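The following block contains the structure, expressed as structure tokens.
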Amino acid sequence: MTYDLVILGGGSAGYAAALRGSQLGMTVALIEGDKLGGTCLHRGCIPTKALLHSAEVADTIRESEAFGVESAFGRVDMAGVTKFKEGVVSRLHKGLQGLVASRSIDLLQGWGTLAAADTVEVNGTRYQGKNIVLATGSYSKSLPGLDISGRVITSEQALGMDFVPKSALILGGGVIGVELASVWASFGTEVTIIEALPRLIANEDESLSKGLQRAFTKRGIKFLTNTMFAGVSQNDEGVSVTTKDGKTLEADVLLVAVGRGPVTANLGYEEAGIPTERGFVPTNERLHTGIGNVYAVGDIVPGLQLAHRGFQHGIFVAEEIAGLNPASIIESNIPRVTYSEPQAGSVGLTEAQAKEQFGADGIETVEYNLGGNAKSQMLQTAGFIKLIRQKGPIIGVHMLGARVSELIGEGQLMVNWEAYPEDVASLVHAHPTQNDAIGEAALALAGKPLHAHG
């Protein structure tokens, strides 16, 4: 049982490597102990975004009179929401299964372990690979001593809830915590976020954090920043959380959203000589582990834990093995999106990072307020498009507003292709669209603003 490519893990990164490897003529074994598609498809990106769409519909009905449409909001039927969510996941899962089968990939069901630097063992059978790809993904972390049980839950349990909590505390103001806060608030839950850092979505540009916080305050979502968790108790009625500054907060549930850890323990990595750091597998820029022909991809590699990063990692490694010498993936140039209401999207450097790299005098920024964008006014969303340039090319794009996730593609092209504001300003953006706002921001940064004050 020898293959050109043996992949341990069938999530976003693993199955992308399998599909591209097969496309390039390799014999491929893809090993997955759960469902093909991994966390993103079954317990992460896809079900979360389905809930966020249901939440958007709920908000639209509540606010319909503002658009001249009379309607009456009834209730959120979680059974119906779950049916919708599971329908989306099921259709995508079936499509992925068919795609993998069509590529003559051997999908091996079982929990595999690395038996040697060129061998994976599954259910007592060993499969040798000329090349091994480690793609075992991530899990929802907790804090030391904080047990996940009962009314103390992670995102996995939150996505499977069959009721809408009247109140919820969320420990962690990163992407996962903010997105589920947005869902619950739209469903009618009283939400409070507890965040140890000075701001929500703290990895983003500070302007995005401040804009999101203003929007959340307007929506009635409470948040406590610079606040450290101390402990929690629970009973049949709910949870009681204490913070290190002496506050006590009570709610129906506590969602623990403090990040995701790498799934690498007890899988034979250390025994096979694969180095790890805090559980992550460090690699060089070619995603090679430094051992034999072993590569690592996706969430176990230090950096952004995003499905689309995983896809690109998988494609990259397959092409690297095939000798195509693909271009290295630049981490900062991967688009990042928080799918809350409003949404936050970014690619490239933040203003702080740009100043650190090029100096305050070496960059120029502009913010185009969506108040001047016709389509955004129709959607009744507030926000902005922020561009950062470095004496020439655009090096950062940051967006806040409803549906801006659909705009980040152009932002990625601008940053990755090192476009100048003048280049983008000369392109014609359809009007009225939200995409129009990117053109307006580029015009302003090029020194010739149109629908904005100079």
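The values are calculated or read from the model by the stated rules, or taken from the named source; none is laboratory data. Just so it is clear, the structure is predicted and the values come from calculations on it, not from any experiment. Cβ: placed from backbone, ideal geometry, glycine included. Neighbour counts: every protein chain shown. Just the protein is used for accessible areas: all its heavy atoms, side chains included, with ligands, DNA and RNA removed. Shrake-Rupley method; radii C 1.70, N 1.55, O 1.52, S 1.80 Å.
Can you confirm whether L180 is assigned to a loop (DSSP other than H, G, I, E, B) and crowded, with 23+ Cβ neighbours inside 10 Å?
The answer is no for L180.
Restricting to the range 396-413, count the residues that are touching a Pro at 6+ places or on another chain (Cβ under 6 Å), part of a helix (DSSP H, G or I) and of a type outside the set (V, I, T). Lay out the reasoning, then the answer.
Quick first cut of the range 396-413, residues touching a Pro at 6+ places or on another chain (Cβ under 6 Å) only: 400-402, 408, 412.
From the residues that got through so far, the ones that are part of a helix (DSSP H, G or I) too are 408, 412.
Adding the requirement that they be of a type outside the set (V, I, T) leaves 412.
So the answer is 1.
Can you list residue pairs whose Cβ atoms sit under 7 Å apart, with the first residue in the range 425-450 being touching a residue at least 12 places away in the same chain (Cβ under 8 Å) and the second being part of a loop (DSSP other than H, G, I, E, B) and open to solvent by less than 20 Å² (accessible area, probe 1.4 Å)? Count only pairs 6 or more apart in sequence or on different chains.
These pairs meet every condition: Q434/N373; D436/N373; A437/N373.
Next question. Hey, among A196, A185, A168, A135, which residue is closer than 30 Å to M26 by Cβ and surrounded by 15 or more Cβ atoms within 10 Å (Cβ to Cβ)? Walk me through how you get there before you give the answer.
Working: A196 fails: closer than 30 Å to M26 by Cβ; A185 fails: closer than 30 Å to M26 by Cβ; A168 fails: closer than 30 Å to M26 by Cβ.
Exactly one residue qualifies, and that residue is A135.
In this structure, does H42 turn out to be in contact with a His (Cβ under 9 Å, 6 or more places away or on another chain) and surrounded by 14 or more Cβ atoms within 10 Å (Cβ to Cβ)? Outline the logic, then answer.
Numbers: in contact with a His (Cβ under 9 Å, 6 or more places away or on another chain): yes; surrounded by 14 or more Cβ atoms within 10 Å (Cβ to Cβ): yes.
Yes; evaluated as a whole, the condition is true for this residue.
Let me confirm something: among K218, K244, which residue is within 30 Å of K386 (Cα to Cα) and open to solvent by 20 Å² or more (accessible area, probe 1.4 Å)? Talk me through it step by step, then tell me what you get.
Values: K244 fails: within 30 Å of K386 (Cα to Cα).
K218 is the lone residue from the list that is within 30 Å of K386 (Cα to Cα) and open to solvent by 20 Å² or more (accessible area, probe 1.4 Å).
Select from the range 247-271 the residues that are part of a strand (DSSP E or B) and surrounded by fewer than 16 Cβ atoms within 10 Å (Cβ to Cβ) and list them in ascending order. Full working, then the answer.
Of all residues in the range 247-271, those part of a strand (DSSP E or B) come to 248-251, 253-256, 260-262.
Selection gives T248, E250.
Might you check whether a residue that is over 25 Å from the mean Cα position of the chain (by Cα), open to solvent by less than 50 Å² (accessible area, probe 1.4 Å) and farther than 20 Å from D162 by Cα occurs anywhere in the range 57-70? Give the derivation first.
As a first pass, look at the range 57-70 and keep what is over 25 Å from the mean Cα position of the chain (by Cα): 61-70.
The next check asks that each one be open to solvent by less than 50 Å² (accessible area, probe 1.4 Å); those that pass are 64.
Remaining after also requiring farther than 20 Å from D162 by Cα: 64.
Among the residues of the range 57-70, at least one is over 25 Å from the mean Cα position of the chain (by Cα), open to solvent by less than 50 Å² (accessible area, probe 1.4 Å) and farther than 20 Å from D162 by Cα, which makes the answer yes.
Being closer than 14 Å to L197 by Cα, surrounded by 14 or more Cβ atoms within 10 Å (Cβ to Cβ) and not hydroxyl-bearing (S, T, Y) is the filter here; which residues of the range 221-241 pass it?
Applying the first criterion (closer than 14 Å to L197 by Cα) to the range 221-241 yields 223-229.
Right, trim to surrounded by 14 or more Cβ atoms within 10 Å (Cβ to Cβ) and you get 223-225, 227, 229.
F223, L224, F229, listed by residue number.
Being within 29 Å of G396 (Cβ to Cβ), at pLDDT 95 or above, among the aliphatic types (A, V, I, L, M) and not in a loop (DSSP other than H, G, I, E, B), is that true of even one residue in the range 136-158?
No.
Yes or no, residue by residue, for (1) among the acidic types (D, E); (2) under 24 Å from the mean Cα position of the chain (by Cα):
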site: I300; (1), (2): no, yes
site: L324; (1), (2): no, no
site: I330; (1), (2): no, yes
site: P335; (1), (2): no, yes
site: A354; (1), (2): no, yes
site: D361; (1), (2): yes, no
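Name the single residue that is nearest to L8 (Cα to Cα) among those in the range 104-119 being outside any loop (DSSP other than H, G, I, E, B) and open to solvent by 20 Å² or more (accessible area, probe 1.4 Å). So that I can check it myself, show each step before the final result.
Looking only at the range 104-119, we keep the residues that are outside any loop (DSSP other than H, G, I, E, B), and these are 106-109, 113-116, 119.
Still in the running and open to solvent by 20 Å² or more (accessible area, probe 1.4 Å): 106-109, 113, 115-116.
Numbers: D106: 12, L107: 11, L108: 10, Q109: 11, T113: 8, A115: 12, A116: 13 Å.
Across the range 104-119, the extreme among qualifying residues is T113.
Filter the range 414-454 for residues that are of a type in the set (S, T, N, Q) and either in a loop (DSSP other than H, G, I, E, B) or touching a His at 6+ places or on another chain (Cβ under 9 Å) (or both) and give the result. Reasoning before the result, please.
Kept after step one, since they are of a type in the set (S, T, N, Q), are these residues of the range 414-454: 416, 426, 433-435.
Listed by number, the residues that qualify are S426, T433, Q434, N435.
Residue check, L407 against (1) of a type in the set (A, V, I, L, M); (2) under 17 Å from E351 (Cα atoms); (3) open to solvent by 10 Å² or more (accessible area, probe 1.4 Å); (4) under 20 Å from the mean Cα position of the chain (by Cα), all met but one. Which one?
(2)
So, one more: Identify the single condition in (1) among the hydrophobic types (A, V, I, L, M, F, W, C); (2) within 30 Å of F216 (Cα to Cα); (3) in contact with a helix residue (DSSP H, G or I) (Cβ under 6 Å, 6 or more places away or on another chain) that L304 does not satisfy, given that it satisfies every other one.
(3)
Within the range 423-441, can you find the residues that are surrounded by fewer than 16 Cβ atoms within 10 Å (Cβ to Cβ) and either within 27 Å of the chain's Cα centre (by Cα) or of a type in the set (S, T, N, Q) (or both)?
Just the residues of the range 423-441 that are surrounded by fewer than 16 Cβ atoms within 10 Å (Cβ to Cβ), to begin with: 423, 426-428, 430-432.
If the condition is that a residue be surrounded by fewer than 16 Cβ atoms within 10 Å (Cβ to Cβ) and either within 27 Å of the chain's Cα centre (by Cα) or of a type in the set (S, T, N, Q) (or both), then S426 is the only one that fits.
Ok, one more. Kindly indicate the residue of the range 71-84 that is in contact (Cβ under 8 Å) with a residue 60 or more places away in the chain and either of a type outside the set (V, I, T) or more than 30 Å from G38 (Cα to Cα) (or both) and also least open to solvent (accessible area, probe 1.4 Å) among those meeting that condition. Don't jump to the end; show me each part of the working.
Residues of the range 71-84 that are in contact (Cβ under 8 Å) with a residue 60 or more places away in the chain, as a first pass: 76, 78-79, 82.
Then drop every residue that is not either of a type outside the set (V, I, T) or more than 30 Å from G38 (Cα to Cα) (or both), which leaves 78-79.
Values: M78: 24, A79: 71 Å².
So the residue we want is M78.
Within the set of pairs 6+ apart or on separate chains, which have a first residue in the range 42-57 that is on the phi > 0 side of the Ramachandran plot, a second that is open to solvent by 60 Å² or more (accessible area, probe 1.4 Å) and hydroxyl-bearing (S, T, Y), and C-beta atoms under 6 Å apart?
Final answer for the pair search is none.
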